[in-house]
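For reference, the structure discussed in these notes is given below.
Each reported figure results from applying straightforward, stated rules to the coordinates on display, with no laboratory input. Nothing here was measured: the structure is a model prediction, and the numbers come from that model. Every residue, glycine among them, receives a Cβ derived from its backbone with ideal geometry; neighbour counts consider all protein chains shown.
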Amino acid sequence: MSRGPAPRAAYRRLLAAYGPQGWWPTTRPGAARPSYEPRRARGLSEAERVEICVGAILTQNAAWTNAEKALAGLRRVLPRPDWAGLAALPEGRLAGAVRSSGYFRQKARKLKVLAAAALARGGGTRAWLGAGRVEERRAELLGLWGVGPETADSILLYAGGRPSFVIDAYTRRVGARLGWWRAPSYDEARDWLVARLPRDRELYAEFHALVVRHAKEHCRVRPDCGGCPLRRACAHARRGADAGRAAAGPAPRARRRAVRRRRKSRHHPRS
Ligand code: SF4
């Protein structure tokens, strides 16, 4: 099914073009808002892991900028969000705090469900998400109300540091244009990519962030293919070039050759 660049080659080209993205943004101690930290060497604190889980819920059907506003709203009522604090916060107050992310009543309930699951496990987010096999933790998260595959994989990959590739609308669009797939289900796209990449959580995290950047910068709804780092191997760009050539007719040299052939054939004894 694949006609585009191999995922590893695409990853290398995107990394060379855009550099490390430092996703997922988290709020450092003393900072007022989340920041991206490319090439971050240190591990995440418990507060940052909780913030990533919360952000993964808040960004559902919402632009990250609105999720970030909702995180700021949450910090106003819970300065250092943790699972116990989220569980103790009245649901209505929580909903009001995360209003800017949209669907805020649902999201407040989802945060409550997630907090209850984390507390039931005990031992902190890292211990919870890091225990057992990745697919077991994924199944557990998927069993929670309001947690779909993209949210579960974001939580596992970015908060838990587990190798669980995240697929989103950007990944589907870029993959379809490159020729990796047509209209795969979430798990089909994830399995397809994972089968072609080394099992490496750093690479998964960076690759996903790079695809998002690429989808915003070049591979938008109306793609801007000029200067695209993946253009040479892109099925969509190739189709566009073929269509352009067909519309323009044969190239000048080919046209001259065809004219010569026609003239010759007119004088050919057997014509
Ligand atoms: S060449 Fe165009 S369609 Fe292909 S990946 Fe780049 S921007 Fe997207």
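Screening the chain for whole DSSP H helices with an alpha carbon extent of at least 15 angstrom along the helix axis and a mean Kyte-Doolittle hydropathy of at least -1.0 yields 7-18, 46-58, 64-77, 104-121, 201-217, 235-248.
For residue 185 and residue 99, the FRET efficiency from 1/(1 + (r/R0)^6), where r spans their Cβ atoms and R0 equals 41 Å, is about 0.80. Ranked for footprinting exposure by Cβ neighbours inside 10 Å, fewest first, 177, 93 give 93, 177. Ordered from longest to shortest, the equivalent ellipsoid semi-axes for the range 163-226 are 20, 14, 9 Å, each the square root of 5 times a Cα gyration tensor eigenvalue. Residue exposure proxy: 49, 12, 137, 173, ordered by other Cβ atoms within 10 angstrom of their Cβ from fewest to most, comes out as 12, 173, 137, 49.
Pairwise inverse Cα distances across the chain, averaged and inverted, put the Kirkwood hydrodynamic radius at 20.9 Å.
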